[in-house]
Amino acid sequence: MAKKLYVGSLSYNTTDDSLKNHFATAGAVTSATIIMDRMSGRSKGFGFVEFENDDDAAKAIEMFNGKELDGRSLVVNEARPMTERPPRRDFGGGGGSRGGFGGGGRRFSR
């Protein structure tokens, strides 16, 4: 059965391929994905590596947790399942009695 690992404290220069190649020394890697910020397109500094079997995943945690990759000390542990999160707040339209573009705003006197 496949086991997914969380890999944190990644360098912004680390790529999916370099992460996969690095972890492949511990065993057969099914996938390696770095999580990217939607707005900037830049790495968020963490990702996930999935192994074909549990033994290789355990070996990878032992081998790489606290070790350096691309100048950063990695945090490697078993990934937890994603939990249900409340919906994000809507910062869109509406607003009490503030008025439109030109009216009702604060007036400053000189």
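The values are calculated or read from the model by the stated rules, or taken from the named source; none is laboratory data. Being a predicted model, the structure only gives us computed values, none of them experimental. Note: ideal-geometry Cβ built from the backbone for every residue, glycine included; neighbour counts use all protein chains shown.
How many residues, within segment 42-93, are farther than 20 Å from ASN21 by Cα and free of Cβ contacts under 8 Å to residues at least 24 places away in the same chain?
Of the residues in that region, 13 qualify.
Which residues, taken from segment 36-93, are loosely packed, with under 11 Cβ neighbours inside 10 Å, within 17 Å of the chain's Cα centre (by Cα) and of a type in the set (A, V, I, L, M, F, W, C)?
Correct list: MET39, MET82.
So which residues in segment 18-47 are basic (Lys, Arg) and part of a strand (DSSP E or B), if there are any at all?
LYS44
Considering only segment 12-28, state which residues are small (Gly, Ala, Ser) and surrounded by fewer than 15 Cβ atoms within 10 Å (Cβ to Cβ).
ALA28
Please specify each residue of segment 73-100 satisfying the condition of being more than 30 Å from GLU62 (Cβ to Cβ) and either at pLDDT 60 or above or not in a loop (DSSP other than H, G, I, E, B) (or both).
Across segment 73-100, the qualifying residues are GLU84, ARG85, PRO86, PRO87, ARG88, ARG89, ASP90, PHE91, GLY92.
Just the residues that are in contact with a strand residue (DSSP E or B) (Cβ under 6 Å, 6 or more places away or on another chain) and either at pLDDT below 95 or assigned to a loop (DSSP other than H, G, I, E, B) (or both), please, taken from segment 48-65.
GLU52, ASN65
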